[in-house]
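For reference, the structure discussed in these notes is given below.
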Amino acid sequence: MKFSVVIALYNKAPYIGCTLASVLAQTFTDFEVIVIDDGSSDGGTEQVAAMTDARLRLVRQPNAGVSVARNHGIALARGEWVAFLDADDWLHPRHLACLAMAQQACPEADTVASSFLPVADAPGPWPPPWPVPAGAPEVEVITDLAARWMSGPTLYTSSVAVRTARLRQMQPCFVPGESYGEDVDLWFRLAEQTPVALVRAPLVAYRVAVQDSLSSGHDRLEMSAALERMRRRALDGRLNPAQARSALWLVAQAEVTLARRALASGRRLQGWRWLLRARHAARGRRWWLTAAMALCCPGPVVRHWQRWRENRSFERIVPAPGSDCRRVHET
């Protein structure tokens with residue numbers, strides 16, 4: 001079997017039916033679907049249990065969090081690759097086929113993914129049609145994920161598949177007890193070991209502004225544990241020099257973002273503390289612009305500007321120097 005699609009389900013009854021329908025409609029058919037119900041209480045589990053497709057497995061566990069649910073799915077996977085999917089997202093019918101194509105184009109990669117498309121939570125269960133170019137999409141091979149991450153959207157949980165053997169070596173892959181940044185933590189640890197092959201086509205749609213969405217967190221004012229661990233790996237010599245530079249730059253840019261959010265909420269002293277921690281970004285214009293905000297701009301002005309920036313581009317940050325990416329095409 002090629003793919004095991006792992007879905008962690010917790011109280012997503014309005015969405016899980018269409019999410020599963022998008023998987024079962026794949027043009028590439030060599031896959032299984034493993035739904036790990038993490039103690040749902042809204043009737044979503046019953047919807048899954050009523051489906052009769054032989055490729056679908058439902059496994060129930062007491063509520064233990066998304067990380068434990070995904071680790072459970074990895075342990076049960078029979079496919080060569082594990083593809084992850086959140087219970088309120090959709091796959092384009094060509095998603096798995098294009099991931100399989102990316103594996104052939106970049107056999108040295110243990111992580112493959114597609115681009116993704118954010119969709120505002122619509123009244124209906126299906127997203128509006130989204131454009132996907134005809135023919136074979138371009139595949140980008142990423143060897144420095146931290147540098148690539150800062151130049152634009154890169155990996156999202158529902159767009160990623162990882163070689164099962166690699167995941168089994170890293171169990172527990174997702175840190176138990178964490179539900180914010182636990183996915184990003186895994187993607188970076190994987191990318192520090194092997195390249196990532198990214199299909200340059202939006203083959204996943206995900207809902208924004210869904211209550212309890214796993215991708216929410218724009219207003220947080222603390223650093224994620226994943227980025228703190230990345231900083232430690234960069235400083236203790238576990239990364240090569242180029243990866244370490246990119247990782248420290250990325251972490252510092254996240255701290256600049258936290259400084260801006262603190263300023264926007266009127267916490268000027270906390271903003272300065274975050275800014276001083278972000279010393280690895282002090283050579284960049286973004287750091288100095290934030291310092292000027294801290295000196296001159298009242299909180300409401302920073303708040304309106306920051307909201308506009310985050311809504312416009314999900315706080316895209318400036319690219320780090322030295323990104324090492326190359327591109328290959330299907331022949």
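The values are calculated or read from the model by the stated rules, or taken from the named source; none is laboratory data. Only a predicted model underlies this, so the values are computations on that prediction, with no experimental measurement involved. In this analysis, Cβ positions are derived from the backbone assuming ideal geometry, glycine residues included, and neighbour counts consider all displayed protein chains.
Looking across the range 124-148, the residues that are assigned to a helix (DSSP H, G or I) and either touching a Pro at 6+ places or on another chain (Cβ under 9 Å) or closer than 19 Å to residue 83 by Cβ (or both) come down to 145, 147, 148.
The residue list 239, 186, 198 contains one member that is surrounded by 15 or more Cβ atoms within 10 Å (Cβ to Cβ), within 14 Å of the chain's Cα centre (by Cα), modelled with pLDDT of 90 or more and not in a helix (DSSP H, G or I), which is 198.
Being at pLDDT 60 or above and part of a helix (DSSP H, G or I) is true of residue 230. Scanning for something in contact with a Ser or Thr (Cβ under 6 Å, 6 or more places away or on another chain) and modelled with pLDDT of 90 or more, does the range 126-139 turn up at least one residue? No - not one qualifying residue is present in the range 126-139. As a summary of the residue check, residue 247 satisfies the conditions (1) touching a Lys or Arg at 6+ places or on another chain (Cβ under 8 Å); (2) in a loop (DSSP other than H, G, I, E, B) except for the one numbered (2). Put simply, of 43, 65 the only residue that is surrounded by 15 or more Cβ atoms within 10 Å (Cβ to Cβ) and at positive phi is 65.
Do we have residue 111 as in contact with a strand residue (DSSP E or B) (Cβ under 6 Å, 6 or more places away or on another chain), buried (at least 16 other Cβ atoms within 10 Å of the Cβ) and modelled with pLDDT of 90 or more here? It is true that residue 111 is in contact with a strand residue (DSSP E or B) (Cβ under 6 Å, 6 or more places away or on another chain), buried (at least 16 other Cβ atoms within 10 Å of the Cβ) and modelled with pLDDT of 90 or more. For the range 37-50, indicate whether the set of residues that are part of a strand (DSSP E or B), touching a residue at least 24 places away in the same chain (Cβ under 8 Å) and more than 21 Å from residue 92 (Cβ to Cβ) is non-empty. Within the range 37-50 (the criterion being part of a strand (DSSP E or B), touching a residue at least 24 places away in the same chain (Cβ under 8 Å) and more than 21 Å from residue 92 (Cβ to Cβ)), the answer is yes, since at least one residue qualifies.
Does residue 102 satisfy being in a helix (DSSP H, G or I), under 20 Å from the mean Cα position of the chain (by Cα) and among the small types (Gly, Ala, Ser)? Yes; evaluated as a whole, the condition is true for this residue. Here residue 131 does not qualify as in the same structural domain as residue 57 (by TED's automatic domain parsing), of a type outside the set (Gly, Ala, Ser) and surrounded by 19 or more Cβ atoms within 10 Å (Cβ to Cβ).
Look at the range 269-298: where a residue is of a type outside the set (Gly, Ala, Ser) and a partner is loosely packed, with under 13 Cβ neighbours inside 10 Å, sitting 6+ places away or on another chain with Cβ atoms under 9 Å, you get 287/279. Residues of the range 248-276 that are within 21 Å of residue 225 (Cβ to Cβ), touching a helix residue (DSSP H, G or I) at 6+ places or on another chain (Cβ under 7 Å) and surrounded by fewer than 17 Cβ atoms within 10 Å (Cβ to Cβ): 270 alone. Among the numbered conditions (1) loosely packed, with under 14 Cβ neighbours inside 10 Å; (2) charged (D, E, K, R); (3) part of a loop (DSSP other than H, G, I, E, B), the only one that residue 168 does not meet is (3).
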